[in-house]
1. Kindly indicate the residue of segment 187-208 that is among the hydrophobic types (A, V, I, L, M, F, W, C) and farther than 19 Å from Ser141 by Cα and also surrounded by the most Cβ atoms within 10 Å (Cβ to Cβ) among those meeting that condition.
2. Which of the residues spanning segment 47-95 are buried (at least 20 other Cβ atoms within 10 Å of the Cβ) and over 21 Å from the mean Cα position of the chain (by Cα)?
3. So which of Ala65, Ala80 ends up being without any contact (Cβ under 8 Å) to a residue 60 or more places away in the chain, closer than 26 Å to Ser208 by Cα and among the hydrophobic types (A, V, I, L, M, F, W, C)?
4. Of all residues in segment 241-269, count the ones that are over 19 Å from the mean Cα position of the chain (by Cα) and crowded, with 22+ Cβ neighbours inside 10 Å.
5. Given the conditions (1) closer than 30 Å to Lys118 by Cβ; (2) loosely packed, with under 14 Cβ neighbours inside 10 Å; (3) of a type outside the set (Lys, Arg), and given that Ile100 satisfies all but one, which numbered condition is not satisfied?
6. Tell me the residue from Ser199, Ser125, Ser162 that is under 20 Å from Ala80 (Cα atoms) and touching a residue at least 40 places away in the same chain (Cβ under 8 Å), please.
7. Which residues, taken from segment 141-175, are among the aromatic types (Phe, Trp, Tyr) and either at pLDDT 95 or above or in contact with a strand residue (DSSP E or B) (Cβ under 9 Å, 6 or more places away or on another chain) (or both)?
Amino acid sequence: MYGVSPAWFVARYGSNFTVEQSIRDFKVIKSAGFDSVQLELFFEDKLSEWSDSSVSSIISSLNDADLKVSQFVAHYLNEAFSTKEKMFTRWGFETFKKTIKILKTMQVTDLITVPVGKFIDNEISASDYDKIDAEYAAMLSEITGICEDNGFRAAVEIIPFSIMGNINGFMRYRDYYGINGLNLCLDTKHSLFTRDNISYYIKLLGNSIVSTHLCDNKEIVNESGVPGSGSIDWDSTFDALNAINYKGSYDLEIICPAEKSEQIYKDGLTYIKQKRRRHK
């Protein structure tokens with residue numbers, strides 16, 4: 001299955017995109033050759049748009065376009081990881097529970113990804129480290145538990161400069177703190193930027209990789225470019241995904257000019273299909 005991440009909507013409408021704009025693009029996404037889409041709540045206050053009637057429109061429009069939903073991205077919750085105060089007060093968690101309730105009624109996906117955001121708190125001291133580390137792990141465990149208690153799988157997307165930092169950090173929190181149900185949404189641009197050996201970690205993590213944001217960058221710039229336009233070794237990446245028998249959707253995440261977005265996504269789809277065929 002090949003799909004698009006919420007970057008499709010961000011590229012075309014900005015990060016403040018609406019439910020109505022998403023619905024309007026479902027058939028465009030399908031006509032561009034994709035099978036699936038990732039739904040997203042980018043800002044917490046956008047939850048008010050997800051009314052019963054809007055949810056019904058989303059479901060019927062997905063069916064009309066013959067599109068699957070590969071995952072839901074609770075993007076707003078990245079802010080909960082940004083400061084000590086927001087971590088300890090569980091900023092956004094009540095909204096997350098409301099989001100889960102809505103998704104449970106929709107029954108369009110069983111996978112929820114939470115980006116772990118950049119940590120920007122400069123007021124902490126060295127003595128805070130152990131408490132923050134334990135609290136960070138507790139948040140990840142709670143998110144995983146909330147998802148699992150409601151029949152969902154939980155995953156994180158690692159944002160550069162987060163406390164988690166990179167894939168090695170993901171493994172430390174999952175394994176050291178015993179968060180066994182925590183999975184990874186592999187974002188290739190972030191992984192290159194944080195200096196992960198992408199193919200090595202794919203093979204190491206195996207079926208803990210449950211979804212993808214496939215995009216390129218030039219190492220020192222954390223951009224979302226078309227696969228093949230930057231520094232990622234796509235041959236070794238697809239070889240590794242094939243080696244672990246990856247079953248999730250291959251989803252593009254490209255930020256590009258709105259007027260060129262449809263064609264750029266088509267070009268990206270052609271590229272990743274070619275690479276995947278070579279490594280089957």
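1. Of all residues in segment 187-208, those among the hydrophobic types (A, V, I, L, M, F, W, C) come to 192-193, 198, 202, 204-205.
Now narrow it down to the ones that are farther than 19 Å from Ser141 by Cα: 192-193, 198, 202, 204.
Details: Leu192: 23, Phe193: 22, Ile198: 19, Ile202: 27, Leu204: 15.
My answer is Ile202.
2. Within segment 47-95, no residue meets the criteria.
3. Values: Ala65 fails: closer than 26 Å to Ser208 by Cα.
After applying the criteria, what remains is Ala80.
4. Initially, segment 241-269 is screened for residues over 19 Å from the mean Cα position of the chain (by Cα), giving 242-245, 257-264, 266-267.
Then drop every residue that is not crowded, with 22+ Cβ neighbours inside 10 Å, which leaves 261.
Matching residues across segment 241-269 total 1.
5. Looking at each condition in turn, Ile100 falls short on (2).
6. None of the other options fit; the residue is Ser162.
7. Going through segment 141-175, the residues among the aromatic types (Phe, Trp, Tyr) turn out to be 152, 161, 170, 173.
If the condition is that a residue be among the aromatic types (Phe, Trp, Tyr) and either at pLDDT 95 or above or in contact with a strand residue (DSSP E or B) (Cβ under 9 Å, 6 or more places away or on another chain) (or both), then Phe152, Phe170, Tyr173 are the ones that fit.
Listed here are the residues, each with its yes/no results for (1) modelled with pLDDT of 90 or more; (2) among the polar types (S, T, N, Q); (3) not in a loop (DSSP other than H, G, I, E, B).
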site	(1), (2), (3)
Tyr200	yes, no, yes
Gly206	yes, no, yes
Thr212	yes, yes, yes
Ile220	no, no, no
Pro227	no, no, no
Ile254	yes, no, no
Glu259	yes, no, yes
Ile264	yes, no, yes
Leu269	yes, no, yes
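The values are calculated or read from the model by the stated rules, or taken from the named source; none is laboratory data. Keep in mind that what you see is a predicted model, and the values were worked out from it rather than measured. Note: ideal-geometry Cβ built from the backbone for every residue, glycine included; neighbour counts use all protein chains shown.
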